[in-house]
Amino acid sequence: LQGRVTNATTGDPVGSTAVWARKPDGSADRLAVTDENGFYRFDRLPSGLYTVTVFSTDLAGAETRALAE
């Protein structure tokens, strides 16, 4: 599972941002940090549906759902 965090207003990448991936049943809970280009990646996640939450002092809280295959 991978992605990019950007500012919704400016489109600028947001680096040094915490990104959490959690399975609803609690069997997987992982943390990644974005690089200077806003990219993050979770390696070796078990397959399934995840809630991805982004925490940054530069952004309001954001949450989305993602499917890892």
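Read-outs: derived from the displayed coordinates by stated rules, not from any lab. Predicted model, so just to flag it, every value in this text is computed and none were measured. Virtual Cβ from ideal backbone geometry, glycine too; neighbours counted across all protein chains shown.
Structure above, values below:
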item: Cα-projected label distance for residue 9 with residue 35, points at 7 Å along beta-carbon direction, nm; result: 2.8
item: Largest-first principal axis extents, alpha carbons of the stretch 5-51, Å; result: 35, 18, 14
